[in-house]
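J.: Got a structure here, written out as structure tokens. Questions coming.
The values are calculated or read from the model by the stated rules, or taken from the named source; none is laboratory data. Model, not experiment: these values are computed from the prediction. Glycine gets a Cβ as well: all are built from the backbone with ideal geometry, and neighbour counts include every protein chain shown.
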Ligand code: ATP
Ligand code: MG
């Protein structure tokens, strides 16, 4: 069939083609996974450019991660047969917002070279503010405040807009004031945090209509991928740029026939008494949000101005960032927000084989709050989705490692293999396994194990022991945990070191003999030097693993995390234990540190074939031939937190996450559960995830673990090895695991706290993955 028109349109189906060629007016592509939404967006840009409708710098194109933006640029080059010059406005919300902000920094009281703080900086700054206010950091952790502020920023709330009820949630009503002080401090430091990149951008536009107009007329076309996961701030920002006309708000049920408000976003809209909700409603209704700001009245489009050329694509079944403030109803309201919008649905999935697609569709059908959609594939049925039980997570990692090696032997490219985990702590086991097997891997959207902050801190202690001249390491830990050796002290040490051309550590030795430091600082610096001397002496007589334990203990580093009440502290402590464990494989400290420097260095070959390891959240939009999905257990996936929660919103989001996981697979999707899992050092008996029960049996095959002795039999492992093990073995040897379900409630009650920590760690790992979205760190 000879296709008319340019090459890049070839092979598109009629609906896709319609979405590409409808350049004027608002377009929404609302369609399931793998139907070509991202491809449509990319082709659309190619079309705009090749039709001469706009130049590269006149197109605003928003992707969810920087990786996705790079990918899009690459594809674009392929479609047009030449690399695209420019496209400065292709990126994430935050990278684009940050870019705009730099051009006009002075209008929001910053300088154009402002720093973007990472989460650690942010927390450190908040700690200072708490101290100044005499607020007990243990009772009111800085991290908690950071989380609150982040949440407010996600919802587009400046300090003065935070509802009173919420501002009161922290430190007996001081939350709102601390937020305001924090913003002031940021300005003094010429810094912005991640949330500011958008929030300050919104403020910039609202307070400077002329600047806004400049961007409104620059961007002839706006394109947004993953629209279902936009939060209020992103939404407001888009609306400002797209000149969406002001319209009074209408209830969602009037937009989607049959939808009740609570079925789509439970409890969000009907709860009219809540300040928060009414604010969100207010900001969502751009009429009031905009007119509330003087000077903005001219900026929005007048009814006669042509509708903006905005094209958003998304899938309500893949909304997985609700916990971070994403509002799935942004996509459901599109037609209302952009009157006259053309809505295009795509129904053919080009990604997955029949069995995979059927399994995923069947699973997501268990959710109530969804639009519902048809998806079909013309691909073969392919292999069934497999479900494999293991005795424990170690065996699970071994089994997956073996299967990957098998794939590799059969000629599969490792770039086409991904392991998607629910919580980031699950990754360690795989990283260990891969290092042992010599299988190259990369962690996407977060740091690798040895790059995590707590691991680097611990390594810094060991490095200073090993090499007193390691200034970088010394500086990293001199005041971690806090010992009153702040910036002033470090500055003094630097001066000394520079003058006398000696390492910081030696400078410290000299300085404590003088009275240049205040007595308290001098005392603790002397104590630190003595400690290091002692550790160095111990090194001669103690095993290096033991030394590491002693150091972490005596330095107060472990205790620092034990006292930390933030959600990820438990995960960090777990990582520290894992670090000590990983040292066992080396003969001595020197050998271990050499290994680490090699591991850290290894990332050089980005082109190297490697298995991808990431959280399910980071896997959005990606696809792989082979997808491994470990840890499908109650309390881990779905997470304990959502199981403890009232209502089904959280559980439905978990199910969407499971659906996202399955739909990443082109040819093989392999699910795993372990009967025993160690979460933060404690073993628990687990039960297969309810999501496994929700898969259609005709598309699923239950297989034996290849990892070792098998979880079901009596070989090797005995319950005596663990305190609380119940044997579920035989329950799973036949299809269906209903018998295990009977145990579900009992088991859930027993171990809430442990599993919850794991889940929250995964959320905080998101803070990690934000760095990809921001492009401002790393
Ligand atoms: P997700 O919801 O997971 O983000 P998506 O809807 O964005 O998925 P794409 O990633 O754009 O889907 O496409 C999925 C796969 O299908 C890609 O490999 C893409 O190249 C391929 N594809 C899309 N449309 C077609 C087509 N018309 N012909 C052949 N392959 C296609
Ligand atoms: Mg996509």
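J.: Take the conditions closer than 20 Å to residue 335 by Cα and at pLDDT 95 or above and apply them to residue 236. Does it pass?
T.: no
J.: For residue 207, state whether it is away from ligand 2 (no atom under 16 Å from the Cβ), farther than 30 Å from residue 87 by Cα and modelled with pLDDT of 90 or more.
T.: Considered against the rule, which asks whether it is away from ligand 2 (no atom under 16 Å from the Cβ), farther than 30 Å from residue 87 by Cα and modelled with pLDDT of 90 or more, residue 207 comes out as no.
J.: With the stretch 143-208 as the region, which helices (runs of 4 or more DSSP H) entirely inside it contain at least 2 residues that are farther than 30 Å from residue 570 by Cβ?
T.: 175-188, 196-207
Yes/no per residue for (1) in contact with a helix residue (DSSP H, G or I) (Cβ under 7 Å, 6 or more places away or on another chain); (2) not in a loop (DSSP other than H, G, I, E, B):
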| position | (1), (2) |
| --- | --- |
| 339 | no, no |
| 351 | no, no |
| 357 | no, yes |
| 368 | yes, no |
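J.: Also, I was wondering about something else. So, residue 409, is that one assigned by TED's automatic domain parsing to the domain that holds residue 626 and free of Cβ contacts under 8 Å to residues at least 24 places away in the same chain or not?
T.: Details: assigned by TED's automatic domain parsing to the domain that holds residue 626: yes; free of Cβ contacts under 8 Å to residues at least 24 places away in the same chain: yes.
Here the answer is yes, as residue 409 does meet what is asked.
J.: Have a look at 384, 373 and point out the one that is within 16 Å of ligand 2 (Cβ to nearest atom), in the same structural domain as residue 664 (by TED's automatic domain parsing) and either over 25 Å from the mean Cα position of the chain (by Cα) or closer than 24 Å to residue 642 by Cα (or both). Even if it seems obvious, please write down each step before you answer.
T.: Values: 384 fails: within 16 Å of ligand 2 (Cβ to nearest atom).
Answer to the selection: 373.
J.: If we only count helices (runs of 4 or more DSSP H) wholly inside the stretch 1-116, which ones have 3 or more residues that are closer than 25 Å to residue 357 by Cβ and within 16 Å of ligand 2 (Cβ to nearest atom)?
T.: 14-21, 37-50, 66-80
J.: Inspect the stretch 294-317 for any residue being surrounded by fewer than 22 Cβ atoms within 10 Å (Cβ to Cβ), assigned to a helix (DSSP H, G or I), modelled with pLDDT of 50 or more and more than 16 Å from ligand 1 (Cβ to nearest atom) and give the result as yes or no.
T.: no
J.: Please go through the stretch 1-29 and give me each residue that is within 12 Å of ligand 1 (Cβ to nearest atom) and out of contact with any helix residue (DSSP H, G or I) (no Cβ under 7 Å at 6 or more places or on another chain), ordered by number. Write out each step before concluding.
T.: Just the residues of the stretch 1-29 that are within 12 Å of ligand 1 (Cβ to nearest atom), to begin with: 3, 8-17, 19-20, 29.
Once the filter is applied, which keeps residues that are within 12 Å of ligand 1 (Cβ to nearest atom) and out of contact with any helix residue (DSSP H, G or I) (no Cβ under 7 Å at 6 or more places or on another chain), the stretch 1-29 yields 10, 11, 13, 14, 15.
J.: What about residue 92, is it away from ligand 1 (no atom under 12 Å from the Cβ), buried (at least 18 other Cβ atoms within 10 Å of the Cβ), within 21 Å of residue 331 (Cβ to Cβ) and within 32 Å of the chain's Cα centre (by Cα)? Working first, answer last.
T.: Values: away from ligand 1 (no atom under 12 Å from the Cβ): yes; buried (at least 18 other Cβ atoms within 10 Å of the Cβ): yes; within 21 Å of residue 331 (Cβ to Cβ): yes; within 32 Å of the chain's Cα centre (by Cα): yes.
Yes; evaluated as a whole, the condition is true for this residue.
J.: Give 213, 185 a once-over and let me know the one that is surrounded by fewer than 22 Cβ atoms within 10 Å (Cβ to Cβ), closer than 18 Å to residue 97 by Cβ and at pLDDT below 95.
T.: 213
J.: On to the next question. Have a look at 77, 52 and point out the one that is over 30 Å from residue 614 (Cα atoms) and free of Cβ contacts under 8 Å to residues at least 12 places away in the same chain.
T.: On the way: 77 fails: over 30 Å from residue 614 (Cα atoms).
Sole residue among the options that is over 30 Å from residue 614 (Cα atoms) and free of Cβ contacts under 8 Å to residues at least 12 places away in the same chain: 52.
J.: Which one of these is under 29 Å from the mean Cα position of the chain (by Cα), surrounded by 21 or more Cβ atoms within 10 Å (Cβ to Cβ) and within 13 Å of ligand 1 (Cβ to nearest atom): 62, 40?
T.: Of 62, 40, the one residue that is under 29 Å from the mean Cα position of the chain (by Cα), surrounded by 21 or more Cβ atoms within 10 Å (Cβ to Cβ) and within 13 Å of ligand 1 (Cβ to nearest atom) is 40.
J.: Quick one: what pairs do we get from the stretch 462-474, first residue farther than 16 Å from residue 547 by Cβ, second at pLDDT below 85 and crowded, with 21+ Cβ neighbours inside 10 Å, C-beta under 8 Å, 6+ apart or different chains?
T.: Correct list of pairs: empty, since none qualify.
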